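The values are calculated or read from the model by the stated rules, or taken from the named source; none is laboratory data. Bear in mind that the values here come from a model prediction, so they are computed numbers and not experimental data. Glycine also receives a Cβ, built like all others from the backbone with ideal geometry; neighbour counts cover every protein chain displayed. These accessible areas exclude ligands, DNA and RNA; they are computed on the full protein's heavy atoms, side chains included. Shrake-Rupley method; radii C 1.70, N 1.55, O 1.52, S 1.80 Å.
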Amino acid sequence: MSHFRPVTDYFAVSGQLSPIDVAAARAEGFTLIIDNRPDGEAPGQATAGEIAAAAEQEGLAFRHIPVVGLPPPGSEESAAVSEAIAESGGKTLAYCRTGTRSIALWALGELAAGQKSRDELLRIAADAGYDLAGVLPH
C-alpha cells in the first residue's frame, strides 16, 4: 500500500521519498518524479541525487525543483512543475516534506494556465487531504 496521494489521474503527491519508494512509484505507473524539497532541509532526508539515481535505475525521469516554504502565485517554480508534467506525457509523482508544497505548485500552475478554476482546485486539493485556501489567489 503506497503513501502516494492521488490528486488527478496523472498527478500525485507525497511526503519525503526514499530510494526504495522509487521502485514503488514505478510499479504504480509513474514516469516522472519531481523533488520540491531543497537538499539538507531536514537531517537524514534522502538527497535529490540519491532519488535521481534511484529514478534512473528504475527508468523514471527526475526533476529537482526545490522550493522553500509555500510558493507565491506566478512563481518560476510552479511554471517549471507545469512544464515538467506536460513534457512527461505520463503520470507524475511530486514530493516535498508533506506534499503541501508539491500540490500547491501544481495548483498554481493549473490556475495560471486557466486549466482549472480556484474553486475546482480547492475541491481537488481537499479531496487529496490538503487545504490550499491560503495559497491560491482569489
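Per-structure values
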| item | result |
| --- | --- |
| Of all accessible heavy-atom area on the chain, the percent that carbon and sulfur account for (1.4 Å) | 52 percent |
| Segments 7-18, 56-67, 92-103 sorted - mean Cβ within 10 Å per residue, highest first | 92-103, 7-18, 56-67 |
| Structure-based [θ]222 nm, the chain - -39500 (n - 2.57) summed over DSSP H runs of at least 4, per residue, nearest 500 | -12500 deg cm²/dmol |
| Å² of accessible area per residue within the chain, as computed with a 1.4 Å probe and no ligands counted | 48 Å² |
| Protection proxy ranking of 25-33, 125-133 - average other beta-carbon atoms within 10 Å, highest first | 25-33, 125-133 |
| DSSP-defined antiparallel bridges as percent of all bridges, the chain, nearest 5 | 15 percent |
| Rg followed by Dmax, in Å, when the chain is reduced to its Cα trace | 13.8, 42 |
